[in-house]
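J.: One structure follows; several queries about it will come next.
None of the figures in this text is laboratory data; all of them are computed from the coordinates on show. Here the structure is a predicted model, which means the values were calculated and not measured. Note that we place each Cβ from the backbone using ideal geometry, even for glycine, and neighbour counts take in every protein chain shown.
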Ligand SMILES: Cc1cc2nc3c(=O)[nH]c(=O)nc-3n(C[C@H](O)[C@H](O)[C@H](O)COP(=O)(O)O)c2cc1C
C-alpha cells in the first residue's frame, strides 16, 4: 500500500479521463465517501452531500444543463453543448453539495472548509485505489437544474464536481506548479517590531 506522503505527492488532477475505462461502482464510492467524511468538521454540522451519477444519468444531466444554460443566457451559442458533453468524459460523476447556514458567515466558512477537506480525502482515496479524478467548479456549480434532478435539499449548493475514472495511458499531466515551501512558511515572530 502506498504511503500517505506518496499518495499526496502522486495525486494529480486528471484533465483527461478515458470514458471507456471503468471507474468505481456505487458500493466502492460509498465506502470511500464513508472514509472521506472522517475529515475534520467543526460543531458536527455534517455539511457535505455526495450525489453520484453513472451512465445515461450523466447524459441527462448534460442535457438539462445545456437547456438551462440556453435559458439563462450563460453561453455563447453552441458552447453549452460542449459543457454538457464534458460530463461524459468520466464514467463516474460526483456532485458534492454543501448544506450550511446561509446567514452565518463563520459557519459557512467552516462548512466550506469541511467540504474541501472531505473532497481532498476522497481524491486521495481514489488515488489509493488506482483511479484518477478531477475536481471541477465553474458555471455548472451555479446550475439549479442539476440539483433539482439529483434531489438536493433546500438551500444545498454545489461546491465541487468530481470526475472519476482512469486517465488514458497516453495522458500525462503538466509539470507540477507550486511555489517553494520557503515562500509560504514562516517560523516565529517575524513581524515589524514597534
Ligand atoms: C476548488 C477547486 C476548484 C477547481 N476547479 C477546477 C475547474 O473548474 N477546472 C479545472 O480544470 N480544474 C479545476 N481544479 C483543479 C485545479 O486546477 C488543479 O488542482 C491545479 O491545476 C493543480 O493541479 P494538480 O491537482 O494536478 O496538482 C479545481 C481545484 C480546486 C481546489
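J.: What Kirkwood Rh does region 102-191 have if only Cα atoms enter the pairwise 1/r average? Answer in Å.
T.: About 16.6 Å, per the Kirkwood formula over Cα pairs.
J.: While we're looking at this one, here's another question. What FRET efficiency would be calculated for the residue pair residue 16, residue 103, taking the C-beta separation as r and a Förster radius of 30 Å, to the nearest 0.05?
T.: Working from the Cβ atoms, E equals 0.15.
J.: Given only helices, namely DSSP H runs of n ≥ 4 each adding -39500 (n - 2.57), what is the per-residue ellipticity at 222 nm of the chain, to the nearest 500 deg cm²/dmol?
T.: -11500 deg cm²/dmol
J.: Can you list, largest first and rounded to whole Å, the semi-axes you get for the chain by taking the square root of 5 times each eigenvalue of its Cα gyration tensor?
T.: 29, 23, 18
J.: Here is a further query. Would you mind checking region 106-139 for residues with the amide N under 16 Å from a putative spin-label position 7 Å along Cα→C-beta of residue 60?
T.: none
J.: Using a cut-off of under 14 Å, list every residue of region 133-155 whose amide N is near the label point 7 Å from the Cα of residue 7 along the Cα-to-beta-carbon line.
T.: Within reach of a label on residue 7, which here means backbone N under 14 Å from a point 7 Å along Cα→Cβ, region 133-155 contributes 133.
J.: What full-extension length gain, to one decimal in nm, is calculated for residue 44 and residue 72 as 0.36 nm per residue of separation minus the Cα-Cα distance?
T.: Extra length available between residue 44 and residue 72 comes to 6.4 nm.
J.: If one takes the longest principal axis of the Cα atoms in the chain, at what angle in degrees, from 0 to 90 and to the nearest 10, does the Cα axis of helix 105-128 lie?
T.: 80 degrees
J.: If you fit an axis through the alpha-carbon atoms of helix 55-71 and take the longest principal axis of the Cα set of the chain, what angle between them do you get, 0 to 90°, nearest 10?
T.: Its long axis makes an angle of about 90 degrees.
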